[in-house]
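Accompanying notes for the structure given below.
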Amino acid sequence: MIPKKVTVTDGVTLSYIRTNKFKTGILTFTVPFSLNRENLVYNTLLPGVLRRGTRRYPSMAALNRRLDELYATCVELRSQRIGKNLTLSLTAELLDDSYAPPGAKILEGVVELVAEILLHPDLEGGFFRVKPLEQEIRFAVDSIRGEINNTRAYAAIRCAELMHRDDPDYPTLTELEAQIQKVDAPSLTRYYQNTVLPSHLQVFYVGSASIEQVSLLLNTYFSSWQCKKVYMPVLPMAEKSTGFLRVNEPMPVSQGKLAMGFRTGVCVSPNNDRSHVMLVLNEIFGASPVSKLFMNVRERMSLCYYCSSAYNRYNGILTVSCGIDSKNEAVARQAILDQLHDIQKGQISDAEFCAALVSLENSYRAIDDNPIELQTFYGNREFFGLSGSIDECRDKLRSVTKEQIVSLAGQIELDTVFFIEGTKVCAEQEADDE
Amino acid sequence: MNNSLPCTRIRSTRLKEEYRLYHHPSGLDIYVFPKEMTNTYALFGTKYGSIHNTFFSATTGEMVTVPDGIAHFLEHKLFTCEDGSDAFERFSDYGADANAYTSFNKTCYLFSCTDRFEDSLKELLEFVTHPYFTPESVESEVGIISEEIRMYDDNPSDRCFYGMLEAMYQFHSIRRNICGSVESISQITADLLYQCYHTFYRLSNMALVVCGNVSDETVLRIADQVLPSSHAEAEAPIQCFNENEQERRQAFQPYVEYSMQVSKPIFNIGFKDTEIPAEGAQRQRKDAAMSILNEMLFSRAGELYNFLIETDLISPALSYGYSISETTAYNSVAGESDDPQAVLKEIQNYLQKVRKSGLSQEAFELGKRVMYAEFVKSFDSTESIANNLFAFVCEDSELLSYLDTLEQVTFDEVCELFQSAFLPETTAMCVVLPLENTAK
């Protein structure tokens, strides 16, 4: 399944995959713009504010009720950072019309509703309403503070923050929280009107409706979307290290959380792309249940329940995440580094290499089975103007050699270690002490 | 190849789906759900979970009580094979993504793949039917599972959920963590693992579910190759202690609280339900009716949710639902609030108000529509189909008929159900407070 692309209006393009494979259709609306601190702050709040009501559905209750009427259509608005770019996106997951009674017109209802949300928010005196905005600010602050509830995710966020310590466009959670609280209705409305509305709207559809039908609906409901400036996304680039940093944060939890950030210098790119080599390396290192991290740090050394790695192809950062008894931090950290050193020394067995390749092949083929993953895969490639189908990506993976992996591993540098040191004394430890 | 095996076809014209059931001579029920997907998903499960802690042992013939967390421990250890290899390695060689999980009432071993399905299915059936436990291998797993337990101990949502179960139930094993505790798993031995295995992993207590682009013949041929060609005719039935019989209708404790690393209080409110139909089909019906009722009361389109948001009592994420199995049933509402007690009070006020004014027929129709759509959407993934199908098998009910059951539920039935549901004396609440709140 490969998407086709058409221009609907001057400001709206539609990419679509027509298929009868799914009972759920996907419609994603993406507005791209540049990443800077100011945009990031406004864009964090805008999804919640737009979900609070529209001209026709003037309250959250009315909007939610309409979504239920449209056979439990799920609408998710979010702000997303893709490399050095920012997007506001809305994804609607809707029941295919063939599973609803004749005349339900779910697809049309959803396009109409999305147009209401994006084009006709509920304004008062020309600005977003103050009370819902104040509430959304509180919710956003709560959500930021709530990151600490999940220590694994929090460790990863803190590690990423520290790796971007010299990046002016990467506020910390604390900085973001402070700046969000300064936003008022006029400034957020200006951002919406001057930055979001004049941008180009990219629509992606996966479902059974014909391209003519979807185009017609978009034409009908989005005719007033006027693109005044086409944003050219900044291509992914590997960020440079500014020196090694190590931070320990004590916390009253029973399990320590270790997050390690490495710089690989390799990003997805239209030219000389080596991100597929990095994907295979990551799979061997820590992304599968037979990876070096899983088989050694967990299985052989019994140090943890989970120890895995992840590679972000849009900024070239490789991260490792591990939950351990705090007293084992040094042992676990060294064991993780040892696994990377083994790769750097070329100690990759044929079994490890083949398992990584077939695992990635499996993951790529499975994209075809999920409308959201299809949209994400092709949507992100389109965003950066990258060519290549899923099959072509699989071909590239198959061409990767061990030598390429070893060569690339040699340039990976440890940049940041962040550790949540668990200070809570467990019952069994107390018993041991006695 | 077993061509002569009788086949039962189960079909839904509205869903445009069909699957087949085969009773294999080994005693195993095999379900094949064809789906035109790239990915094929196979699940080999037993109707044995963390709550089956007191039972008649198949090896000793006596009633035994085993340490908490043993079903989950067994799930971990089954991947280790007699030759010292790990089943994960072979799945990886085939490019399959394998995993396993243990819940309160079942344990499942599974894989998904886009190639070499036959090799992976053979491996799945082989490793699950060939246990190999030694004192050394049991010992080596204790460290890993202890870290898993600590990971869940640090998870406030998990703590809050179990806190709600502990408050609702006085005796039932559901109040204990699926993984057990660091202390309880230290009592697990290889002998105990074998005892549980031989009692609950008999093929007549298990099922194989395959969903994807695969033929029945392929699945049956591999089952024939790996599984025995017969099973004992007179197997003694598995007998577990029915813990629901001990439980009172009322919640054990109305309120419990914990203090943890959270930014603001989180809560889980449970409404215990001890009226559990014995028949699977009746439980399915009650599940459908109660799920519609939950939508009518707690939906984001509804009066209560929007009141709680408008009055700043809750954060936007509020979850709710009904859970029913053979020996437990409860409704639950979970969220985040600076004042969980006030949320509970408002919920109780609202329920009381609706009891007086009556439920709305319009909300009923909308709730039914939502449940219908959510159910249909779940048929887009081989993973959710296989897992849901097995969950229905464990409950002695049938997956595709759930749509008809939803359709048949009447407004009067829901109104009647409401009269005996969400009662104050059945209510239990768990709150996890930020640490600084406790210090005050």
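At a glance:
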quantity	calculated
From A:L281, A:L293, residue being more than 14 Å from chain B (Cβ to nearest Cβ) and farther than 18 Å from A:N380 by Cα	A:L281
Those helices (runs of 4 or more DSSP H) lying entirely in the stretch B:261-371 with at least 3 residues under 22 Å from B:R175 (Cβ atoms) and in contact (Cβ under 8 Å) with a residue 12 or more places away in the chain	B:280-298
So B:T54, is it modelled with pLDDT under 95 and either under 30 Å from A:K21 (Cα atoms) or in contact with a strand residue (DSSP E or B) (Cβ under 8 Å, 6 or more places away or on another chain) (or both)	yes
Candidates B:S181, B:S120, B:S137, B:S157, filtered to the one that is surrounded by fewer than 22 Cβ atoms within 10 Å (Cβ to Cβ), under 22 Å from A:F294 (Cβ atoms) and within 14 Å of another protein chain (Cβ to nearest Cβ)	B:S137
Filtered residue count, the stretch B:101-147, keeping only those that are part of a helix (DSSP H, G or I), of a type outside the set (S, T, Y) and touching a residue at least 24 places away in the same chain (Cβ under 8 Å)	17
Residues of the stretch B:25-47 classified as closer than 19 Å to B:Y109 by Cα, in a loop (DSSP other than H, G, I, E, B) and aliphatic (A, V, I, L, M), total	1
Long-range neighbours under 8 Å by Cβ, at least six apart or interchain, first residue under 16 Å from A:Y311 (Cα atoms) within the stretch A:141-163, second acidic (D, E) and assigned to a helix (DSSP H, G or I)	A:A153/A:E147; A:I157/A:E147
Residues of the stretch A:346-368 classified as crowded, with 16+ Cβ neighbours inside 10 Å and touching a residue at least 40 places away in the same chain (Cβ under 8 Å), total	9
Residue list for the stretch A:47-63, restricted to those being surrounded by fewer than 21 Cβ atoms within 10 Å (Cβ to Cβ), under 29 Å from the mean Cα position of the chain (by Cα), more than 8 Å from every other protein chain (Cβ to nearest Cβ) and not in a helix (DSSP H, G or I)	A:R51
Condition check for B:S4: in contact with a His (Cβ under 7 Å, 6 or more places away or on another chain) and away from chain A (no Cβ under 14 Å)	no
Among the residues listed as A:A332, A:A351, the single one being in a helix (DSSP H, G or I), touching a strand residue (DSSP E or B) at 6+ places or on another chain (Cβ under 6 Å) and either within 12 Å of another protein chain (Cβ to nearest Cβ) or at pLDDT below 95 (or both)	A:A332
Unique residue being more than 16 Å from B:F33 (Cα to Cα), away from chain A (no Cβ under 13 Å) and aliphatic (A, V, I, L, M) when the list is B:V354, B:V393	B:V354
Considering residues of the stretch A:355-369 that are more than 7 Å from every other protein chain (Cβ to nearest Cβ) and not small (G, A, S) only, the residue farthest from A:S309 (Cα to Cα)	A:I367
Options B:E118, B:E89; residue that is charged (D, E, K, R), within 27 Å of A:D368 (Cα to Cα), modelled with pLDDT of 95 or more and over 25 Å from the mean Cα position of the chain (by Cα)	B:E118
Qualifying residue in the stretch A:279-289 (condition: crowded, with 23+ Cβ neighbours inside 10 Å, of a type in the set (D, E) and either at pLDDT 95 or above or under 20 Å from the mean Cα position of the chain (by Cα) (or both))	yes
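The values are calculated or read from the model by the stated rules, or taken from the named source; none is laboratory data. Source: prediction; values computed, not measured. With ideal geometry, Cβ positions are generated from the backbone for all residues, glycine too; neighbour counts draw on all protein chains shown.
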